[in-house]
Amino acid sequence: MPRPVAAPRLGLRENWPQFALLVVLNAFVGAMVGLERTVLPLIGEREFGLGSRTAITSFIVSFGITKALLNLVAARASDRIGRKPILVAGWVLGLPVPFLLIHAPAWWWIDLANVLLGANQALAWSMTVIMKVDLVGPRRRGLALGLNEFAGYLAVAVTAWATGFIAARSALRPQPFYLGIAIAVTGLLLSVLLVRETRGHARLEAAATPAAPTAAPRLARLFYATSLGNASLFAVCQAGLVNNLNDGMAWGIYPLFFAAHGLGVQRIGVVKAVYPGVWGGLQAVTGALSDRFGRKELIAWGMVVQSAGIWLTVLVPTYAAWLGGAVLQGLGTAMVYPTLLAAVTDHAHPTWRASSLGIYRFWRDLGYAAGALLSGVTADLLGLGPAIHLVAGLTLLSGVVVGRVMTEPPPGRAAAGA
């Protein structure tokens with residue numbers, strides 16, 4: 001006789017085994033991105049002979065556009081068919097990525113690999129976010145999202161360092177990407193065998209919410225409300241876009257900038273690891289702080305700190321300054337990243353919260369493509385330095401917009417303007 005399934009309960013303590021599993025799983029999701037952070041721009045320049053920065057950063061454009069569009073699909077689909085099937089599909093799509101990176105005979109193979117990587121990140125990372133929010137309920141979302149992003153971006157840092165270390169002792173390919181095969185296989189097995197569905201937890205919270213509607217608004221209406229109709233959510237979406245715009249620049253342009261100043265691949269890997277390492281390591285703290293002190297100040301000042309780190313990197317071209325710039329950029333991103341996600345959940349009813357998160361993540365991850373294109377074109381026309389300066393200025397402006405436009409919601413309010 002099959003064992004009865006326990007009724008869902010909300011709370012971090014009540015759901016800690018599944019919550020901890022999802023934290024570990026998101027580390028594997030983040031590690032897939034870390035595979036490319038150090039070596040892939042150098043492969044484009046040295047192995048494929050690409051002289052155009054725009055061409056080199058094309059893999060980030062394909063990654064960002066795919067991830068942005070599928071964020072919308074993943075979140076909406078998870079409301080209809082469940083979280084776990086979307087999570088498993090994400091890992092199935094991610095499995096070919098390291099093999100394509102290892103065997104690519106032409107650069108378009110790298111772009112194809114990043115279409116699949118974007119799909120993997122959109123489906124798998126989105127679900128770890130949504131499932132954690134489902135489990136913990138309304139009181140600990142900042143902490144939950146901070147732990148999620150902590151695990152993901154700490155893993156980005158570790159694999160960015162590891163691939164640089166391996167490449168310095170062997171070659172840019174294929175050795176650094178063998179690690180990716182183990183990561184993808186493990187992530188798929190954990191998702192299939194151990195993760196449990198959490199949509200019932202969201203329904204439980206929705207049923208307990210005063211005046212809960214029976215169905216989510218249409219996606220077009222939610223898209224307008226989340227993107228423009230609510231001033232605070234507009235501020236959140238533009239900050240998310242600009243945050244990933246500067247991360248897209250850092251991903252594609254920084255390795256070329258450091259190499260142009262004579263830095264070796266192993267030390268480039270160290271700098272590239274410090275930024276997501278600080279970012280990942282502090283998010284558990286900043287997410288919890290946003291639960292206690294509010295979202296707006298952390299987001300606005302976080303964008304300012306990011307811009308300071310970017311300017312330090314370009315204005316003082318020394319290894320020590322680059323490490324300091326990476327620390328500042330990581331600190332600012334840690335202040336912003338989980339707080340933006342939590343700010344969306346402040347305004348979104350549980351019935352359509354996943355969809356609103358997907359819309360925010362659409363704008364945020366479109367920033368990867370925007371940052372790669374903007375910095376690549378600017379670098380081709382004016383040089384690497386001006387491209388970095390431009391992105392620093394846009395990051396500062398975004399923080400000013402948050403400070404002027406965003407407001408904290410009244411306690412208990414969850415509307416999303418829909």
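What follows is calculated from the coordinates using simple rules that are stated; it is not laboratory data. All values derive from a computational prediction rather than experimental measurement. As a convention, Cβ positions derive from the backbone with ideal geometry for all residues, glycine included, and neighbour counts pool all protein chains shown.
For this structure, a couple of remarks:
- Listed peptides 294-303, 61-70 by packing density, highest first (mean Cβ within 10 Å): 61-70, 294-303
- Per residue, the convex hull volume that the Cα atoms of region 74-214 enclose (Å³): 110 Å³
- Separation of region 275-296 and region 145-187, taken as the distance between their Cα centroids, equals 23 angstrom.
- Sorted on the mean count of surrounding Cβ atoms within 10 Å across their residues, most packed first, peptides 26-37, 100-111 read 26-37, 100-111.
- Peptides 370-377, 9-16, ordered by how many other C-beta atoms sit within 10 Å of their residues on average, highest first, read 370-377, 9-16.
- All aspartates and glutamates inside 19 Å of Lys272 as judged from Cα atoms, apart from same-chain residues fewer than 8 positions distant: Glu36, Glu45, Glu149, Asp247
- Helix 107-120 axis, angle to the chain major axis (alpha carbon atoms, nearest 10°): 20 degrees
- Put simply, the amide H of Gly137, placed in the peptide plane, has neighbours under 5 Å in Gly11, leaving out anything fewer than 5 places away on its chain.
- For region 249-264, backbone nitrogen atoms closer than 20 Å to the point 7 Å from Phe48 Cα along Cα-to-C-beta are found at 249-260.
- Cα-Cα P(r), the chain, percent of pairs per 10 Å interval: 5, 24, 35, 24, 10, 2, 0, 0
- Cross-link reach list, lysines versus Lys84, counting only Cα pairs under 23 Å and skipping chain neighbours closer than eight places: Lys67, Lys132
- Model label sites at Val316 and Arg13, defined 7 Å from Cα along the beta-carbon direction, differ in position by 4.6 nm.
- For Thr159, Thr318, order by how many other beta-carbon atoms lie within 10 Å, fewest first: Thr318, Thr159
- Sites Leu397 and Leu69 - FRET efficiency at Förster radius 41 Å, r taken between beta-carbons, to 0.05: 0.95
- Separation between Cα centres of region 319-381 and region 62-111, rounded to whole Å: 19 Å
- Label-point gap, in nm, between Leu381 and Trp301 - each point 7 angstrom along Cα→Cβ: 3.6 nm
- Ellipsoid fit via the Cα gyration tensor, region 250-344: semi-axes of 28, 12, 9 Å, each the root of five times an eigenvalue, largest first.
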